[in-house]
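J.: Below: one structure in structure tokens.
The values are calculated or read from the model by the stated rules, or taken from the named source; none is laboratory data. Here the structure is a predicted model, which means the values were calculated and not measured. No Cβ is skipped: glycine too gets one built from the backbone with ideal geometry, and neighbour counts run over all protein chains shown. Note: accessible area is taken over every heavy atom of the protein model, side chains too, but ligands, DNA and RNA are not part of it. Shrake-Rupley method; radii C 1.70, N 1.55, O 1.52, S 1.80 Å.
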Amino acid sequence: MTIVAYSYQRFSSLDQIGGDSLTRQSTLAESYARDHELELDNRLTIRDLGVSGYRGQNAVHGELGHFLTAVRNGRIAPGSYLLIESLDRLSRSNILQAQNLLTELILAKINVVSLVDNRTYSEASLTADPLALIFALIVFIRANEESSLKSFRAKQAWIRKRDSAGTQVMTSRVPDWLIVCKATGQIVARSERAEVLSTIFQLALDGRSPFEIADHLNARGVCRWRGSQPWTRPTVSTLLRNRRVTGVLPLYIATHDNGETSRRPIKLLADYFPRLIEPEAFLKVQALASTRRRGGNAAKLNVFANMLFCAGCGAPVRHHSYGEYGRAILACDGARILHGCNASGFDYDAFEIITKKQLSRWIHDDLPWHQVSDPNQHVFRAVQELSDLQSSLSPRSPGGAKRRAGATFYAEVAKLEDQIDDLIFNEHGFNAKAVKLTSKLAAYLDEEIYENTVRVKCNMLLRQLGARLVVDFDTGWVGLSHNKGFERSWSMEENP
Ligand SMILES: [Zn+2]
């Protein structure tokens, strides 16, 4: 029976790939295998490229971890050889971990060979020469010190570089709107891009969404800085969040804990880049964006946000607060961004008034949500009663223990209610939950005062019911579909 040898080739960083490290290790492994009449298994060559041995990543996650697993579940036969250029390649993490790794391999009946000094570590060899274990330990200690020092030096060099920033350009990589002047080494703005940047921030300050800003730039034929694609919502919002526009250079430092690398900012270097946007304006834009992100903002402008689609091309239809004559319009993405659809736009306010009335009619006349079939009627009533009970039981009432008891009861009721909701349906497929949603929606749609919170709730309820509106800009027809298949359509010409 031939004994198999596996060669463990590791690179502490990708930089070494170009070097002769791989060739050297392969040659050493081949000649060792030849000399000792071992069969070198090249199929299972373990190359965890780029996984650094220092920080112990390769023991936990890397190929050596896989190797150990393969030994444990018998895929690698006991008595096999693991050929390593030098023991310090095994692991540069802390000494205990490195030693543990070696011990685990040996206990799994693997012969670990250090090729540079031709030492074999096995149960037999260590029993014969226990001092060899001390030797291995010394190798680990030295390797660990060496790489700590290397890591420390690299960090120091970067810190020095950072401290001298301001007097010299730290990196030739500058944001897209800037350029490093070859003659002087100064960072300067590209004037036409600086202009675009200021337009983008001005529009954002005016309350325009990144989507609308992208739209604005595309409509005016402004080219994107990279690639030939049109401006998009993500490209604009990334720019709006980039604090480098105020001239600041954020400095990061990489830290390593438990094999995890993370980057954290350590300071902001002011006036490193040319300041194109005033910090006050930048902060104002951030504040505006965070209110937008908190959600529901789209629905404040457009009650039908995220549920409108173009009948011509199927693309989403969106609200634009600056249509012709400064009026809000609804327009199809296909027409405004991709230019593949020739749908025109609708005046938003008129659309909202008509659609609201149509939806209200739909709920009251067409939708059989309140038509409860008899066997279930008492259950519906029970749900209603539970729901009322729930609202009367405020967990905010005073008294700690009482409040906690109240909260528990409240949660129990809610759970029970949910269970009932899931169980029952009326004959049209409306369960109690859908009935509640719909009755709320009906109340909102009929409300005269139409505050933002109501608009947001209305939008949420409509979407929960699966309502979709398809808008035909050519004929003025609007079609409503619903996830239970109750459809309705109307013309924008007739005002109910
Ligand atoms: Zn379209």
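J.: Just to be sure I understand the filter: pairs with C-beta atoms under 6 Å, separated by 6 or more residues or on different chains, first member in region 260-283 and of a type outside the set (Lys, Arg), second member open to solvent by less than 90 Å² (accessible area, probe 1.4 Å) and at pLDDT below 65. Which pairs pass?
T.: From residues that are of a type outside the set (Lys, Arg), the pairs are THR261/ALA254; SER262/THR255; ILE266/ILE253; LEU269/ALA165.
J.: To continue, here is another question. Any idea which residue in region 341-362 is nearest to ALA311 (Cα to Cα), counting only those that are open to solvent by 30 Å² or more (accessible area, probe 1.4 Å) and either of a type in the set (Val, Ile, Thr) or more than 16 Å from the ligand (Cβ to nearest atom) (or both)? Steps first, please.
T.: Taking region 341-362 first, the residues open to solvent by 30 Å² or more (accessible area, probe 1.4 Å) are 342, 344-345, 347, 349-350, 353, 356-357, 361.
Now drop any that are not either of a type in the set (Val, Ile, Thr) or more than 16 Å from the ligand (Cβ to nearest atom) (or both), which leaves 347, 349-350, 353, 356-357, 361.
On the way: ASP347: 17, ASP349: 20, ALA350: 19, ILE353: 20, LYS356: 19, LYS357: 21, ARG361: 22 Å.
Among those residues, the one meeting the criterion is ASP347.
J.: Still on this structure: Looking only at region 461-478, filter to residues that are assigned to a strand (DSSP E or B) and near the ligand (Cβ under 10 Å from one of its atoms); which one of those is least open to solvent (accessible area, probe 1.4 Å)?
T.: So in region 461-478, the residues assigned to a strand (DSSP E or B) come out as 468-472, 477-478.
Now restrict to residues that are near the ligand (Cβ under 10 Å from one of its atoms): 471-472.
Details: VAL471: 0, ASP472: 46 Å².
My answer is VAL471.
J.: Then there is this: If I filter region 1-38 down to residues being at pLDDT below 85 and touching a Gly at 6+ places or on another chain (Cβ under 8 Å), which single residue comes out as surrounded by the most Cβ atoms within 10 Å (Cβ to Cβ)?
T.: It comes out as ARG10.
J.: I'd like the full set of residues that are at pLDDT below 85, open to solvent by 40 Å² or more (accessible area, probe 1.4 Å) and within 8 Å of the ligand (Cβ to nearest atom), limited to region 304-331.
T.: Correct list: GLY312, CYS313, GLY314.
J.: Determine, yes or no, whether LEU64 is at pLDDT below 75 and crowded, with 21+ Cβ neighbours inside 10 Å. Steps first, answer last, please.
T.: Working: at pLDDT below 75: yes; crowded, with 21+ Cβ neighbours inside 10 Å: yes.
Against the criterion (at pLDDT below 75 and crowded, with 21+ Cβ neighbours inside 10 Å), LEU64 qualifies.
J.: Right, here's the next one. (1) open to solvent by 70 Å² or more (accessible area, probe 1.4 Å); (2) at pLDDT below 85: which one isn't true of ARG241, the others all being true?
T.: It fails just one condition, (2).
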